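Reviewing the structure listed below.
The values are calculated or read from the model by the stated rules, or taken from the named source; none is laboratory data. From a predicted model like this one, the values you see are computed outputs, not experimental measurements. Here the Cβ positions follow ideal geometry from the backbone for every residue, glycine too, while neighbour counts run over all protein chains shown. Accessible surface is based on the protein model in full, side chains and every heavy atom, while ligands, DNA and RNA are left aside. Shrake-Rupley method; radii C 1.70, N 1.55, O 1.52, S 1.80 Å.
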Amino acid sequence: MDHHCPWVQNCVGYFNYGYFVRFIIWTTISTFICAVLLILRCWEAYENERLGINHNSAPTEGQIIFIIVNMCLDGCVLLGISLLTLYHLWCISKNTTTIESWEKDRILTMIRQGKISD
């Protein structure tokens, strides 16, 4: 076992790590696409208001607030999942698991503190 992932409600290990990595990559891509679509909708609403055209399809105040809240939430999720994806891609490039990476950091810290020798 590498670690327990609360997102997939399962332990991630040797036999399902590939599925987990694909899951977080596709989640990163989909949250990025969602952010782009929300930004484009805001930009369209701003341009329509600025130019004074297409008032029939303009979002109401409630819809604008909903779009802004969605942008904030999507931005937070995108930041978190992007960092998680980059970390796991880094672990793959170094051929280590999550626990091995944490253990290496812990051992290096203990060496720097002088608790154990090289």
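Selection within region 40-75: residues that are of a type in the set (Ser, Thr, Tyr) and open to solvent by 70 Å² or more (accessible area, probe 1.4 Å). The member of this set that is nearest to Thr28 (Cα to Cα) is Tyr46.
How many residues does region 77-118 contain that are of a type in the set (S, T, N, Q) and open to solvent by 80 Å² or more (accessible area, probe 1.4 Å)?
Filtering region 77-118 for residues of a type in the set (S, T, N, Q) gives 82, 85, 93, 95-98, 101, 109, 113, 117.
Next cut, open to solvent by 80 Å² or more (accessible area, probe 1.4 Å) only: 93, 95, 113, 117.
Count: 4.
Summed over region 90-114, the residues that are in contact with a Phe, Trp or Tyr (Cβ under 9 Å, 6 or more places away or on another chain) and either in a helix (DSSP H, G or I) or at pLDDT 95 or above (or both) give a count of 3. Within region 76-89, not a single residue is in contact with a helix residue (DSSP H, G or I) (Cβ under 9 Å, 6 or more places away or on another chain), outside any loop (DSSP other than H, G, I, E, B) and modelled with pLDDT under 90.
Kindly indicate whether Ala35 is modelled with pLDDT under 90 and either among the charged types (D, E, K, R) or open to solvent by less than 40 Å² (accessible area, probe 1.4 Å) (or both). Against the criterion (modelled with pLDDT under 90 and either among the charged types (D, E, K, R) or open to solvent by less than 40 Å² (accessible area, probe 1.4 Å) (or both)), Ala35 does not qualify. The single condition from (1) open to solvent by 40 Å² or more (accessible area, probe 1.4 Å); (2) modelled with pLDDT under 80 that His3 fails is (1).
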